[in-house]
Amino acid sequence: MRLSVIGCGYVGLVTGACLAEAGHEVICTDIDSERIAKLKAGGVPIYERYLDEILRSTRRAGRISYTSDAGQAIRAAQAIFICVGTPPKDSGEADLSAIDNCARQIAAEADGPKLVIEKSTVPARTGLELSRALSAYRRNGDVRFRVASNPEFLREGTAVEDFFHPDRIVVGVEEESAAADLREIYRPILERSFHCPLHNGTCPPGPRADFLVTTINSAELIKHASNSFLALKISYANVLSELCERLGGDVEEVTHAMGLDPRIGGQFLKAGLGFGGFCFPKDVQAFIHLAASVGVDFDILKATDRVNKERIDRYMERIRRALWVVKGKHVALLGLAFKPNTDDIRYAPALEVLKRLLADGAAVHACDPEAISRTQALFPGAHYHKDPYAALQKADAALLCTEWDIFKKIDWERAGKTMARKLLLDGRNLYSPSAMRGLGFEYHSFGRP
Ligand SMILES: NC(=O)c1ccc[n+]([C@@H]2O[C@H](COP(=O)([O-])OP(=O)(O)OC[C@H]3O[C@@H](n4cnc5c(N)ncnc54)[C@H](O)[C@@H]3O)[C@@H](O)[C@H]2O)c1
């Protein structure tokens, strides 16, 4: 099928690349003309494992192309995926202006019937507004639009894997024909009949994705409800870690045993610096706001958000207590991206820590495998290193903020010999307290003795 993707960010590029790899013809567009120029020149504007490889192979096969001319992309496609950003306003409400822009542009440019699919995360009832905008701004009265919601559940860092091997594909539709078209678009993925770059073409046997057809409102709610629930689990584990500190338990032991109960599950029960990224913080806020707009007080989500913000305060308190005076101290900050295997620093806890340390007058030596250039543009006052040992040299303290593999493999005996003081504040409970203390470190983590 001929598809277009509007918005070439994390979701748009992965969607476009994977659907092209699955055999469709995809044309991608973005308002950011520099991004389009980079893609046309063979560059990849984001870091995501396997993405550059798929973009290269689909481009060679002539199945993916890029244009700054949104009209061209809209006219060329039978189905259009809207993958633009939906950032939070100051109030927490989702800013849907980019979705509205897309709707008006599609309405003005379409010269034939289109299936318009919202893949961006949007509040319930956005599909209804999208339908309304498409007919209100329609230039050609004969053009028929069908609207569908197809929320995306990929996780940055494993986005290609998640897209090709989803647990479920949710499509919210108003009419059966839209569900049938979406089933056809996803058929290669449902049937595993694409060349899988992760498994060299032969995927191991495993459960196939459920294809769930719902109403548009339900599909939109499913996405916000899922992200908010996962965020809630993280905040729950973080409150448990505080209880463990005060009562004398070990949060890892508690959450491990809890997670063995299949009704609870062990994922997203990790205590630490809390969640960040472009999804959880804004989606929790948007869901609270949506609920309030219809008179529902979602106070468990307000608590989720509050607990998460307080994680940074708790971490900073520990840093200040351990260092006594922060001003003038050499601090090695390990990890900038909001989680490993991505260069995304949006709402990254590490950046908030970096900002506060700079404000306190520390000399921050930051290290991250992929996120340095993005961070450097925002915080030119810090020092940046690709090599963790370089960041740790002469450091008064090491702060672990993102659990990248290279940090798991640090030889702390070697690093400790070059540090001014063997002090490690582990924001992700990555290391073993006894092993670190055995190496002579003053070691702090969350909720562990
Ligand atoms: N990043 C994730 O892990 C993830 C996962 C699932 C869902 N989502 C949701 O998907 C949406 C996109 O997220 P993202 O991380 O890809 O964002 P992003 O900021 O990386 O990408 C958005 C892109 O849209 C472009 N854009 C904005 N307005 C446009 C317009 N009017 N026309 C054309 N292009 C336009 C921007 O230039 C940018 O390149 C959001 O709603 C997000 O909540 C994100």
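Based on the Kirkwood radius over alpha-carbon pairs, what is the Stokes-Einstein translational diffusion coefficient of the stretch 327-449 at 10 °C with 1.306 mPa s viscosity, in µm²/s?
112 µm²/s
Computed with every protein chain present, the accessible area of PHE153 is close to 40 Å² [probe 1.4 Å]. By how many degrees, 0 to 90 and rounded to 10, does the Cα axis of helix 97-109 deviate from the longest principal axis of the chain? So the helix axis and the longest Cα principal axis differ by about 20 degrees.
Would you kindly state how much longer the chain becomes between ARG306 and MET258 on full extension, computed as 0.36 nm times their sequence separation minus their alpha carbon distance, in nm to one decimal?
Working: separation 48, 0.36 × 48 = 17.28 nm, distance 2.33 nm.
Result: 15.0 nm gained on full extension.
Restriction of the trypsin sites (Lys or Arg not before Pro) in the stretch 367-412 to DSSP coil positions whose beta-carbon has at most 13 other beta-carbons within 10 angstrom yields LYS386, LYS394, LYS409.
If you place +1 on the Cβ of every Lys and Arg and -1 on the Cβ of every Asp and Glu, how big does the dipole about the Cα centre of the chain come out, in debye to the nearest 20? Don't skip to the end; give the middle numbers.
On the way: 58 positive and 58 negative charges, 190 e Å.
Dipole of the chain, to the nearest 20 debye: 920 debye.
ASP167 to MET1: extension gain in nm, 0.36 nm per residue of separation minus the Cα-Cα distance? Could the numbers behind the result be given before it?
On the way: separation 166, 0.36 × 166 = 59.76 nm, distance 2.34 nm.
Length difference between fully extended and current span is 57.4 nm.
Which percent of the accessible heavy-atom area of the stretch 1-137 goes to carbon and sulfur, probe 1.4 angstrom? Accessible surface attributable to carbon and sulfur in the stretch 1-137 totals 45 percent.
Show that you can apply the helix-only estimate: for the chain, add -39,500 (n - 2.57) for every DSSP H stretch of four or more residues, divide by all residues, and state [θ] at 222 nm to the nearest 500. It would help to have the intermediate numbers written out before the result.
Values: 18 runs with 202 residues, N = 449.
Roughly -13500 deg cm²/dmol at 222 nm, from the helical runs in the chain.
A simple packing score, the average count of other Cβ atoms within 10 Å per residue, orders the peptides 235-245, 13-23, 298-308 as 13-23, 235-245, 298-308, with the highest score first. Computed from Cα positions, the angle between helix 299-323 and the longest principal axis of the chain comes to roughly 30 degrees. Scoring 73-80, 87-94 by mean Cβ neighbours within 10 Å over their residues and listing the highest first yields 73-80, 87-94.
Taking the charge dipole of the stretch 332-449 about its Cα centre, with +1 at Lys and Arg Cβ atoms and -1 at Asp and Glu Cβ atoms, the residue from TYR384, LEU424, PRO349 reaching farthest to the positive side is LEU424. Of the solvent-accessible surface of the stretch 209-264, computed with a 1.4 Å probe over protein heavy atoms with every protein chain present, carbon and sulfur atoms account for 63 percent.
Candidates CYS367, HIS224, TRP404 compared by Cα position along the dipole of the chain: farthest toward the positive end lies CYS367, with charges placed on Cβ. In the context of the full set of protein chains, the chain has a per residue accessible area of 44 Å² (1.4 Å probe). Taking all protein chains together and rolling a 1.4 Å probe, HIS444 ends up with roughly 60 Å² accessible. When all alpha carbon pairs of the stretch 25-166 are counted in 5 Å bins from zero, the resulting P(r) reads 2, 9, 17, 20, 21, 17, 11, 4, 0, 0 %. Peptide packing for 211-224, 335-348, 41-54 was compared via the average number of neighbouring C-beta atoms within 10 Å per residue; ordered from the highest value, the list is 335-348, 211-224, 41-54. Taken over the stretch 133-292, the percentage of Cα pairs per 5 Å bin, counting from 0 up to the bin with the maximum distance, is 2, 8, 12, 14, 15, 15, 14, 9, 5, 3, 2, 1, 0, 0.
For the cross-link pairs LYS282/LYS409; LYS233/LYS327; LYS119/LYS409; LYS89/LYS119, which exceed 27 Å when the distance is taken from alpha carbon to alpha carbon?
Details: LYS282/LYS409 32 Å; LYS233/LYS327 36 Å; LYS119/LYS409 37 Å; LYS89/LYS119 20 Å.
As for pairs spanning more than 27 Å Cα to Cα, those are LYS282/LYS409; LYS233/LYS327; LYS119/LYS409.
Could you give the dipole magnitude of the stretch 286-329 about its Cα centre, charging the beta-carbon of Lys and Arg +1 and that of Asp and Glu -1, in debye to the nearest 20? Please report the intermediate quantities before stating the final value.
On the way: 10 positive and 6 negative charges, 111 e Å.
The calculation lands at about 540 debye.
From the alpha carbon centroid of the stretch 216-236 to that of the stretch 180-195 is 25 Å. Computed in the context of the full set of protein chains, the accessible area of the stretch 321-405 at 1.4 Å probe radius has 54% of its extent on carbon or sulfur.
Gyration tensor over the Cα atoms of the stretch 63-113: the corresponding equivalent ellipsoid has semi-axes (square roots of 5 times the eigenvalues, largest first) of 25, 12, 9 Å.
Both radii come from the Cα set of the chain: Rg as radius of gyration, Rh as Kirkwood radius; their ratio Rg/Rh reads 1.00. Ranked from largest to smallest solvent-accessible area, with a 1.4 Å probe on the protein heavy atoms, CYS203, CYS196 come out as CYS203, CYS196.
Largest accessible area first, the listed residues HIS385, HIS195 line up as HIS195, HIS385 when surface is computed with a 1.4 Å probe on the assembled protein chains. Within the shell of other residues whose beta carbon sits under 14 angstrom from the beta carbon of SER33, the net charge comes to -1, with Lys and Arg scored +1 and Asp and Glu -1.
The values are calculated or read from the model by the stated rules, or taken from the named source; none is laboratory data. Note that this is a predicted model, so its numbers are computed, not measured. Note: ideal-geometry Cβ built from the backbone for every residue, glycine included; neighbour counts use all protein chains shown. With ligands, DNA and RNA removed, areas are computed over all heavy atoms of the protein, side chains included. Shrake-Rupley method; radii C 1.70, N 1.55, O 1.52, S 1.80 Å.
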